[in-house]
1. Just one of the numbered conditions (1) at pLDDT 95 or above; (2) touching a helix residue (DSSP H, G or I) at 6+ places or on another chain (Cβ under 8 Å) is not true of residue 32; which one?
2. Six or more apart or on different chains, Cβ under 9 Å: which pairs go from a residue in the range 18-32 that's under 22 Å from residue 58 (Cα atoms) to one that's in a helix (DSSP H, G or I)? Could you list them?
3. So if I check each of 37, 76, which one is in a helix (DSSP H, G or I), of a type in the set (A, V, I, L, M) and modelled with pLDDT of 95 or more?
4. How about the range 38-56: which of its residues are in contact with a helix residue (DSSP H, G or I) (Cβ under 8 Å, 6 or more places away or on another chain) and under 19 Å from residue 81 (Cβ atoms)?
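The values are calculated or read from the model by the stated rules, or taken from the named source; none is laboratory data. As the structure is a computational prediction, the values presented were derived from the model and not from experiment. Cβ coordinates were reconstructed from backbone atoms using ideal geometry, including for glycine residues, and neighbour counts include every protein chain displayed.
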Amino acid sequence: MVSSKTGLSDIMQPLLTGRKLLRQEFTKLHKKVLDLVREDEVCRRLTTIPGVGPVVALTYTATIDIPARFAHSKAVGSVLGMTPYPVVVTR
């Protein structure tokens, strides 16, 4: 019975060490993301919208960049792959 507990410890210890390191690195990256959002006025404004967090705000500002590039606001969603842009067919 003792040997099976030792074997379990041998398996779990590296996993727990890896998890601890991943959490430390995630914490550093999360802080950097929050710092970027705090420094950007547009990102700060976007995060006041319910459901829009730091990652969405940064993604939006990085992707859209210059809103004047879009003739209609409906075209923005299709660029992000969120909604199809309606095609108007005239006959």
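1. In the conditions (1) at pLDDT 95 or above; (2) touching a helix residue (DSSP H, G or I) at 6+ places or on another chain (Cβ under 8 Å), residue 32 misses (2) alone.
2. Note: pairs meeting the criteria are 30/54.
3. Details: 76 fails: modelled with pLDDT of 95 or more.
None of the others qualify; the one that does is 37.
4. First, the residues of the range 38-56 that are in contact with a helix residue (DSSP H, G or I) (Cβ under 8 Å, 6 or more places away or on another chain): 38, 40, 42-44, 46-47, 52, 54-56.
Once the filter is applied, which keeps residues that are in contact with a helix residue (DSSP H, G or I) (Cβ under 8 Å, 6 or more places away or on another chain) and under 19 Å from residue 81 (Cβ atoms), the range 38-56 yields 46, 52, 55, 56.
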